[in-house]
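The next block holds one structure in the form of structure tokens; read it before the comments.
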Amino acid sequence: MIERAYDGCGRCYIGVRRLSQMSASTSSPERQREDVLAAVKAVGGHVIAWADDWEVSGATDPMTRPRLGPWLRGERGPYNGIAGSAVDRLGRNLVDCLNTGYMMRDSGLALLTYGHDGPWNLDDANDENRFTMEAWGAQMELRAIQRRNRDATAKARAAGRVKAKPSYGYRFVRLVPTGAVDHVALHEHAASVIRNVARRILADPQKITPSSEAARLTRAGELSPSDHRAVMYGRPVAGAPWRSSGLREILMSEAALGYLIHKGRPVIGENGHPVRIAEPLWDRATHEALVRVIKQRGANHPRGERIHSYGHLLTGLAFCGQCHGRLKGSSAPSQSVSTYYCNARILGHRGSETCRPSPSISLRRLDALVESWFLSEYGQGMIMETVFDAGDGFSERIVEVEAARSRLRSDREAGLFDAPDDAHWFRSRYEEMGRELAKLRLEPVRPAGMVTRPTGETVEDRWVKAPDVQAKKEILCEFGVRVTIWPANSPVRWYVGRVHGPVQQRAV
């Protein structure tokens, strides 16, 4: 049996497979598997595990690869060597391959590859030279692939065509399944998701942040950008969560304006304006507003923008009436005894010395009381949404032309248009943009801004449709709800009300 568990026989190998790009049509994994098993069988050994690094570049150091690296670093248990289908499956970097080979030799471990008679013996000059030549050949092949990719990218960029993966919210449209990209279009579902995120952040940037939105999308089961792309291309999903950093990048990138992007900046066409390859997710005014509010929040919150999510409805919204500390929510095995309680005195918080006895209340009971109070007070109210209105479009075009002219000016100051022919091109484009700006500024402008409009949905409707506790907590936060409790011997057991509104007292 070629594949079985480690048995200490001295011929237990790790099968090594690697592929830079995985697709449904490739047969490389199966071919590599057959070659590895043949190489192991030839030396009378067996495979105890597979180190399969799919979607991993050959330029990656074998020691840092996700699957192979832990074995090489001795983190996965004993084995007697590794076996690959060829030297280039170890890597396409000469130094990395040699370092790995010498490390295996110095550790007393065997190195097998299909097509080589027995294990590699790097103490033998012939084997060492052959191994070095195959590793050098793999590196030369990598350099040729990289050069071709760079040339193809440069040509595509000059022609205004896409070459990299689509930004979230977009999809590549091919007229035939394996043909070249014909054009870029909006992905209906992904576009609606990211547009909703942008709307929510602009409506309430103090409470709705990329961090809280990333947590909300993950809770809702919305596919993260990497998983969404995997589904589009027929690959298995990894179950990766949304990351606030990735969400900020999507929201602040000019790719959302439908521009062709290279190294994070729009590609400039012959007319001096960015090359647009698709319909924008939002306009320039919305883009500027998103960049402004996200940067402002980061500057105003040096410890970060994260708003923590908790597993209970009122954690973070419920306070102690004696020491004014935030209440904690316990999660006992039996939900019937879970409570909100104050532990400020136990933790030694300042001002909590006299918080005795510390108040506590059944978690289920307080949640139910607050829900009943909230729906009776606000349930029939109409939900109003605040959205960003981009105006009549003239403001957007003015901002867009100003941004293009500023970009050209920055490039000129950096010395990119110093040559005589480039200088003439720069002056003509800069003058054209100036004339267009002067003409646009003569038009009557309805400026962009925030507007409030009814949604046709009541507060109770939204509460009932809320998918989880965190969504209900967001509703309570929007209304500024705050709950305070006292010990059982107090005249008032708890009260609930809005932070900036009338207090509703309840004796319980």
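Among the listed values [x] 32.8; [y] 35.6; [z] 30.8, the one matching mean projected area of the Cα convex hull in nm² as calculated from this structure is [y].
For the stretch 233-259, the residues whose amide N sits under 15 Å from a probe point set 7 Å from the Cα of S410 along the beta carbon direction are 252-255.
Decide, for the stretch 57-104, between rounded, prolate and oblate: order the square roots of the alpha carbon gyration tensor eigenvalues as a ≥ b ≥ c, take rounded if a/c falls under 1.5, and otherwise choose prolate if a/b is larger than b/c, else oblate. In terms of gyration-tensor shape, prolate.
Answer rounded, prolate or oblate for the stretch 4-144, using the Cα gyration tensor with square roots of eigenvalues a ≥ b ≥ c: rounded when a/c is under 1.5, else prolate when a/b is larger than b/c, else oblate. Since a/c stays below 1.5, the shape of the stretch 4-144 is classed as rounded.
Charge dipole (Cα centre; +1 on Lys/Arg Cβ, -1 on Asp/Glu Cβ; no other charges) of the stretch 64-151 amounts to roughly 580 debye.
Counting only heavy atoms of the protein chains and using a 1.4 Å probe, Y6 has close to 100 Å² of accessible surface.
Here is the short version for the chain: C9, C12, C97, C477 have no other Cys C-beta closer than 4.7 Å. For the chain, the solvent-accessible area with a 1.4 angstrom probe is 53 square angstrom per residue.
Which of the residue pairs K295/K439; K295/K328; K263/K439; K328/K473; K207/K472 have a Cα-Cα distance greater than 21 Å in the structure shown? In this structure, K295/K439; K295/K328; K263/K439 lie more than 21 Å apart at Cα. In the context of the full protein assembly, T315 retains an accessible surface of approximately 20 Å², using a probe radius of 1.4 Å and ignoring ligands and nucleic acids.
Taking the 1.4 Å solvent-accessible surface of the chain as the whole, the part contributed by carbon and sulfur is 51%. Note on the stretch 26-72: the alpha carbon radius of gyration divided by the globular reference 2.2 N^0.38 Å gives 1.26.
Quote the FRET efficiency, to the nearest 0.05, computed for M133 versus V43 with a Förster distance R0 of 25 Å and r equal to the Cβ-Cβ distance. Show your work: numbers first, answer last.
Numbers: r = 22 Å, r/R0 = 0.89.
The value I calculate is 0.65.
Using a probe of 1.4 Å on the protein chains alone, the accessible area found for I2 is around 50 Å². Length, then width, then depth: along the principal axes, the Cα atoms of the stretch 1-83 run 36, 26, 16 Å.
A protection proxy built from the mean count of other Cβ atoms within 10 Å ranks the segments 53-60, 210-217, 124-131, most packed first, as 210-217, 53-60, 124-131.
Since only G316, C12, A255 are under comparison, the one whose Cα sits farthest along the positive direction of the charge dipole of the chain, derived from C-beta charges on Lys, Arg, Asp and Glu, is G316.
The values are calculated or read from the model by the stated rules, or taken from the named source; none is laboratory data. Treat the numbers as computed from the prediction; the structure is a model and nothing was measured. Ideal geometry is used to build each Cβ from the backbone, glycine not excepted, and the neighbour counts take in all protein chains shown. Protein only, heavy atoms only, side chains kept; ligands, DNA and RNA dropped before computing areas. Shrake-Rupley method; radii C 1.70, N 1.55, O 1.52, S 1.80 Å.
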